[in-house]
Amino acid sequence: MIWLPDLPDMEDAVLLACVPALAIAIDRLLGEPGVRWHPVAWMGRWLAWAGERLAPRVGEPRVLSDARVFWFAALSWCGAAAAVFALAWLFQAWVLTQPVWLAALALGFFLKPQLAWAMLHDEVLAVERALGESLDAGRAQLARLVSRDVSQLSPAQVRESAIESLAENLNDSVVAPLLWFALLGLPGAALFRFANTADAMWGYRGVRGGRDWTWAGKWAARADDVLAWLPARITALLIALPGGAAATLGRLPAEAGRTPSPNSGWPMAAMALALGVQLRKPGAYTLNPAGRTPEPPDTVRACAIGSRTVLAATLCACAALIL
């Protein structure tokens with residue numbers, strides 16, 4: 001990879017290529033950094049501060065036209081993204097001047113906050129355990145994972161939403177950061193994490209939190225679509241390939257196209273087909289409509305498929321860094 005230094009010693013090259021595996025191991029063993037030290041939390045605080053100044057409040061007189069709101073938000077996104085990329089690049093450039101073992105360790109620790117598999121895995125299983133206690137407990141646990149209104153969801157819909165969140169975030173929280181790390185190093189992973197966080201906080205098509213995000217969030221949503229386009233399709237293939245017959249793989253594009261998102265439908269459709277279940281968002285879409293309604297064991301199976309996908313993505317990233 002172009003961002004890696006030329007290393008005459010093969011052992012040193014292998015050590016740096018193991019950074020993705022190290023980051024996943026840290027994720028499993030140590031979990032998430034505290035909010036005070038988490039880079040994504042820093043991004044979120046800036047995005048919240050900037051969003052309050054960019055998105056017009058509903059019901060108040062409009063100071064800026066839609067076009068100006070769009071361009072101010074776009075320029076704000078680009079400026080912050082450039083700062084994130086530059087800081088990560090400077091840190092990486094310095095780290096790569098250190099002994100290789102120290103560089104690999106530092107890159108692994110700083111890559112870890114850009115991805116989150118252990119927390120996602122555990123939170124999805126927690127939804128299933130909570131559903132075993134009561135529907136209200138399951139809904140409350142699901143609300144930690146999704147932004148949609150969960151108050152009217154049935155037990156089956158709670159389970160479907162948890163599995164959908166697992167599949168979608170396999171891409172956003174693991175595969176995409178690993179891909180961009182393999183391509184551009186720590187700056188690539190940090191840039192994707194910024195774009196994905198900005199989409200989550202700004203990328204709404206209407207009103208949220210008393211503010212109109214129609215134009216203020218448009219650039220953030222499209223930027224995330226672009227950066228997640230390839231990783232989403234890789235995630236779908238990694239989910240589907242181990243047990244995927246040619247007919248199943250052939251159904252992926254049509255099933256993914258049932259969702260309004262150009263990317264999230266791919267891993268969700270692949271998971272629905274792999275499990276043989278329906279995944280539905282009321283009033284929006286039904287993936288694999290010929291499938292059965294998910295049952296409690298399907299949540300456990302989905303997490304197992306997710307773990308297998310994470311392992312495959314990590315090995316692919318490590319291999320790419322050696323080539």
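The values are calculated or read from the model by the stated rules, or taken from the named source; none is laboratory data. From a predicted model like this one, the values you see are computed outputs, not experimental measurements. Cβ sites come from the backbone with ideal geometry, for glycine too, and all protein chains shown count toward neighbours.
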Going through (1) surrounded by fewer than 23 Cβ atoms within 10 Å (Cβ to Cβ); (2) part of a helix (DSSP H, G or I); (3) at pLDDT 95 or above one by one, Trp215 fails only at (2)
- Task: Could you tell me whether the stretch 66-88 includes any residue that is assigned to a helix (DSSP H, G or I), touching a Pro at 6+ places or on another chain (Cβ under 7 Å), modelled with pLDDT of 95 or more and of a type in the set (Phe, Trp, Tyr)?
- Result: yes
Leu191 fails exactly one of (1) of a type outside the set (Phe, Trp, Tyr); (2) over 22 Å from Gly51 (Cβ atoms); (3) part of a helix (DSSP H, G or I), namely (2)
Please indicate, with yes or no, whether at least one residue in the stretch 268-276 is in a loop (DSSP other than H, G, I, E, B), touching a residue at least 60 places away in the same chain (Cβ under 8 Å), within 22 Å of the chain's Cα centre (by Cα) and under 19 Å from Ile234 (Cβ atoms).
no
Per the list (1) under 16 Å from the mean Cα position of the chain (by Cα); (2) closer than 19 Å to Val150 by Cβ, residue check on Ser261 breaks on (2)
When you scan the stretch 178-187, do you find a residue that is assigned to a loop (DSSP other than H, G, I, E, B) and either over 18 Å from Asp225 (Cα atoms) or more than 12 Å from the chain's Cα centre (by Cα) (or both), even just one?
yes
Gly132 fails exactly one of (1) free of Cβ contacts under 8 Å to residues at least 24 places away in the same chain; (2) surrounded by fewer than 18 Cβ atoms within 10 Å (Cβ to Cβ); (3) farther than 21 Å from Trp180 by Cα, namely (1)
Log entry, pairs with first residue in the stretch 289-317 being under 22 Å from Thr259 (Cα atoms), second being surrounded by 18 or more Cβ atoms within 10 Å (Cβ to Cβ) and among the acidic types (Asp, Glu), beta carbons closer than 7 Å, six or more apart or on different chains, reads Pro294/Glu160; Thr299/Glu128
Over the stretch 202-211, the set of residues buried (at least 21 other Cβ atoms within 10 Å of the Cβ) and in contact (Cβ under 8 Å) with a residue 24 or more places away in the chain is Trp202
Of the candidates Ile322, Ile234, the one satisfying the condition of being at pLDDT 95 or above and within 30 Å of Ala17 (Cα to Cα) is Ile234
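Condition (residue is surrounded by 15 or more Cβ atoms within 10 Å (Cβ to Cβ), in contact (Cβ under 8 Å) with a residue 12 or more places away in the chain, touching a Lys or Arg at 6+ places or on another chain (Cβ under 9 Å) and not in a loop (DSSP other than H, G, I, E, B)) applied to the stretch 13-22: is it met by at least one residue? Walk me through it before giving the result.
Just the residues of the stretch 13-22 that are surrounded by 15 or more Cβ atoms within 10 Å (Cβ to Cβ), to begin with: 13-22.
Add one more test, that the residue is in contact (Cβ under 8 Å) with a residue 12 or more places away in the chain, and what stays is 13-22.
Subsequent filtering for residues that are touching a Lys or Arg at 6+ places or on another chain (Cβ under 9 Å) retains 22.
Imposing the further condition that a residue be not in a loop (DSSP other than H, G, I, E, B) reduces the set to 22.
Within the stretch 13-22 (the criterion being surrounded by 15 or more Cβ atoms within 10 Å (Cβ to Cβ), in contact (Cβ under 8 Å) with a residue 12 or more places away in the chain, touching a Lys or Arg at 6+ places or on another chain (Cβ under 9 Å) and not in a loop (DSSP other than H, G, I, E, B)), the answer is yes, since at least one residue qualifies.
Among residues belonging to the stretch 305-323 that are under 18 Å from the mean Cα position of the chain (by Cα) and among the small types (Gly, Ala, Ser), point out the one that is surrounded by the fewest Cβ atoms within 10 Å (Cβ to Cβ).
Among residues in the stretch 305-323 that are under 18 Å from the mean Cα position of the chain (by Cα) and among the small types (Gly, Ala, Ser), the one surrounded by the fewest Cβ atoms within 10 Å (Cβ to Cβ) is Ser307.
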Checked the stretch 271-305 for anything at positive phi and in contact with a Gly (Cβ under 8 Å, 6 or more places away or on another chain); matches are Gly276, Asn288
Of the candidates Ala82, Ala93, Ala156, the one satisfying the condition of being surrounded by 15 or more Cβ atoms within 10 Å (Cβ to Cβ) and over 20 Å from Pro267 (Cβ atoms) is Ala156
Listed by first then second residue, the pairs whose first member lies in the stretch 158-184 and is over 21 Å from Ala256 (Cα atoms), whose partner is assigned to a helix (DSSP H, G or I) and among the polar types (S, T, N, Q), with beta carbons under 7 Å and at least 6 positions apart or on separate chains, are Pro177/Gln114; Leu178/Thr314
Subset of the stretch 31-64, residues more than 20 Å from Leu75 (Cβ to Cβ), in contact (Cβ under 8 Å) with a residue 60 or more places away in the chain and in a helix (DSSP H, G or I), comes to Pro39, Val40
Determine if the stretch 27-40 includes at least one residue that is over 19 Å from the mean Cα position of the chain (by Cα) and buried (at least 16 other Cβ atoms within 10 Å of the Cβ). no
